Structures are given as C-alpha cells and as structure tokens.
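Report on one structure; see the data block that follows.
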Protein chains: 2
Amino acid sequence: MPLAIEQARAAGARGEVPVGAVITLEGQVIATASNRTRELNDPTAHAEILAIRAACSHLGVERITGADLYVTLEPCPMCAAAIAHARVARLYYGASDPKSGGVEQGARVFDHAQCHHKPEVYEGINARECAQLLRGFFKNRR
Amino acid sequence: MPLAIEQARAAGARGEVPVGAVITLEGQVIATASNRTRELNDPTAHAEILAIRAACSHLGVERITGADLYVTLEPCPMCAAAIAHARVARLYYGASDPKSGGVEQGARVFDHAQCHHKPEVYEGINARECAQLLRGFFKNRR
C-alpha cells in the first residue's frame, strides 16, 4: 500500500485526483499506476484500470488469476467489475468512498449473481493516509 | 444499431464474443468498436470501453456530453459505469444480458446515488438479431 500511496501522490502532483494502484503476483510487483483521466482524455483511465491493463499486457494474458491489487480508494463500479473480469484474487483498499464507491455501497458489484468472480476484499488499509491525500487535494482545488 | 451489429459480426469472425458499439454526436458517427479482450490481452477491452476511449481521444475531451452510444448487448457494470463517467446522454442497447448485465439487473449501476450521471436508456433495439449473433457464436464454440 505505501507504493500505491506514492502513486496517488504523483497523480495529485499532476493535477489528477490522487488515487494509486499496485498489482502484485507471487509477491512481485507487476504493475503500478495512478489516475490519468485528464492527461489521457480518458474517463476510463482510473488507477485500477491502468494497472490491470499494464499487468495483463506485461504477462500477455487476459486474466491475472492469483494477483493482489492494492488501491488507495474504494473502487468505483467500473473498476470493481474490471477487477472481477481480470480474476484478481485479493483486493486491498484504503479509504472508503461513500460518494462514488461500488464495492461496499451503491452498486455493490461483487454481490450479484451477474458477477462471475468475487475477490477477497480487505478494506481500510492505511485508510487515514489515503483519505487525507484526497481531502488535501480537493481542499486545495477550492 | 446496424453499424454496431456489423462491428459485432467482425468481432465474432475474429473469435471474440460478438459485441459491437457505435458512438454518435449530433448525428455523426465519432467512434465504432468491437470486443477485443482476447486480441489485446485486456479484460477491459469491451466494445463500449474501446468506443468511449476512441471518441474521447478523437475529440480531445474527457467527457462526451450529448453523445449517443449504441451497443448490441446490455452493458456489464464496468461498461455501464464508464458510460456514466463519460456523460453519454443516451444509451441504446440490443439484447438483454441476464447472465452478466449491469443495467436492468444485478448491480443496476445507474440506479444508485453513487452514480453521478444517468443516461436515458432504450433497450431491445434490434434485440433478436443481436441475441442471435451471440447464440450462434457460443453454439459454434461448443
């Protein structure tokens, strides 16, 4: 998670909402990414999506079965469903996101029969630091 | 929708699940795409995601406010949330997807306070033809 937080800080420094993600497989980091929706003019370029695409591209596979994904903020429904499609084994996230989250609230993407893979979910990892990064970012923008 | 069906057929011919998408803005086609998850080793490469990324890239914007998206199959939660993030104005889809859909069943992505934009949704457009394409594809694979 510290590496994901570092990624989030880098996004914030670029004027992007500070969210970072890291994917590991068998203890090795195989992808790191941070939010780049503005830079790339791509509303799908959330940290999790970019990390999944990078990890799959790196390994030449469509599914990263057995992988762990760390992200500083609760995934939105888009990212949660991408995590399921990619067959990520374990999801660790920092801050909860009552406003836009799709794991523990709202769409609760993993909790329906239409979701064909549910990762183990561990929330609240370094949550305070992850949330403070976001609060600081939005406070500075106002 | 006929253009989206043509895209879906092209995906099927490449061995991909036959789903196609088209985005129009003010009556002009600005993006066409079809499912390429296998070809690209990218579990996020659904037709809708590729079409949204192409349309945003083409226009140099992060949101395609006012755009219409046509897709042959009910979007999954990943694609539905991407449609909301991109601020697509109207979603037209063909076949319903009881197995993996996220619009009219399961996660029902647009129906939560955590979804910040709900497009107008029109379902069942050329539904029989869209569904037959998928049925034929999976029948041939077995």
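This table checks each residue for (1) of a type in the set (S, T, N, Q); (2) in contact (Cβ under 8 Å) with a residue 24 or more places away in the chain.
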residue: B:ASN41; (1), (2): yes, no
residue: B:ALA45; (1), (2): no, no
residue: B:ALA51; (1), (2): no, yes
residue: B:HIS58; (1), (2): no, yes
residue: B:ILE64; (1), (2): no, yes
residue: B:ASP68; (1), (2): no, yes
residue: B:VAL71; (1), (2): no, yes
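Every residue in region B:91-131 that is acidic (Asp, Glu), closer than 20 Å to B:MET1 by Cα and not in a loop (DSSP other than H, G, I, E, B), please.
Hits for region B:91-131 are B:GLU120, B:GLU129.
Can B:GLU48 be described as of a type in the set (Asp, Glu), assigned to a loop (DSSP other than H, G, I, E, B) and under 17 Å from A:ILE49 (Cα atoms)?
no
Which is more than 7 Å from every other protein chain (Cβ to nearest Cβ), touching a strand residue (DSSP E or B) at 6+ places or on another chain (Cβ under 9 Å) and surrounded by 15 or more Cβ atoms within 10 Å (Cβ to Cβ), of A:LEU40, A:LEU134?
A:LEU134 is the lone residue from the list that is more than 7 Å from every other protein chain (Cβ to nearest Cβ), touching a strand residue (DSSP E or B) at 6+ places or on another chain (Cβ under 9 Å) and surrounded by 15 or more Cβ atoms within 10 Å (Cβ to Cβ).
Within region A:23-37, track down each residue that is buried (at least 24 other Cβ atoms within 10 Å of the Cβ) and under 17 Å from B:PRO43 (Cα atoms).
Within region A:23-37, A:ILE23, A:ALA33 meet the criteria.
Please verify whether A:GLU123 is touching an Asp or Glu at 6+ places or on another chain (Cβ under 8 Å) and in contact (Cβ under 8 Å) with a residue 40 or more places away in the chain, treating the condition exactly as stated.
Spelling it out, A:GLU123 is indeed touching an Asp or Glu at 6+ places or on another chain (Cβ under 8 Å) and in contact (Cβ under 8 Å) with a residue 40 or more places away in the chain.
Testing A:ALA95 on (1) at the interface with chain B (Cβ under 10 Å from one of its Cβ atoms); (2) among the aliphatic types (A, V, I, L, M); (3) more than 21 Å from A:ALA67 (Cβ to Cβ), one condition comes back false. Which one is that?
(1)
Mind checking which residues of region A:51-82 are outside any helix (DSSP H, G or I), over 25 Å from A:ARG135 (Cβ atoms) and touching a Ser or Thr at 6+ places or on another chain (Cβ under 8 Å)?
A:GLU62, A:ALA67, A:ASP68
Is there a residue in region A:52-64 that is over 20 Å from B:GLU48 (Cβ atoms), away from chain B (no Cβ under 13 Å), touching a helix residue (DSSP H, G or I) at 6+ places or on another chain (Cβ under 9 Å) and open to solvent by less than 10 Å² (accessible area, probe 1.4 Å)?
Checked against the condition, which is being over 20 Å from B:GLU48 (Cβ atoms), away from chain B (no Cβ under 13 Å), touching a helix residue (DSSP H, G or I) at 6+ places or on another chain (Cβ under 9 Å) and open to solvent by less than 10 Å² (accessible area, probe 1.4 Å), region A:52-64 yields no hits at all.
Kindly evaluate A:TYR70 against the criterion of being open to solvent by 20 Å² or more (accessible area, probe 1.4 Å) and more than 8 Å from chain B (Cβ to nearest Cβ).
It is true that A:TYR70 is open to solvent by 20 Å² or more (accessible area, probe 1.4 Å) and more than 8 Å from chain B (Cβ to nearest Cβ).
Would you check which residues across region A:14-58 are touching an Asp or Glu at 6+ places or on another chain (Cβ under 6 Å) and of a type in the set (Ser, Thr, Tyr) and list them?
A:THR24, A:THR37
Using the structure shown, decide if B:ARG87 is at positive phi and modelled with pLDDT of 95 or more.
yes
The values are calculated or read from the model by the stated rules, or taken from the named source; none is laboratory data. In this text the structure is predicted, and so the values were computed from the model without any measurement. Reconstructed Cβ throughout: ideal geometry from the backbone, glycine too, with neighbour counts over all protein chains shown. Keep in mind that these areas ignore ligands, DNA and RNA; they rest on the heavy atoms of the full protein, side chains included. Shrake-Rupley method; radii C 1.70, N 1.55, O 1.52, S 1.80 Å.
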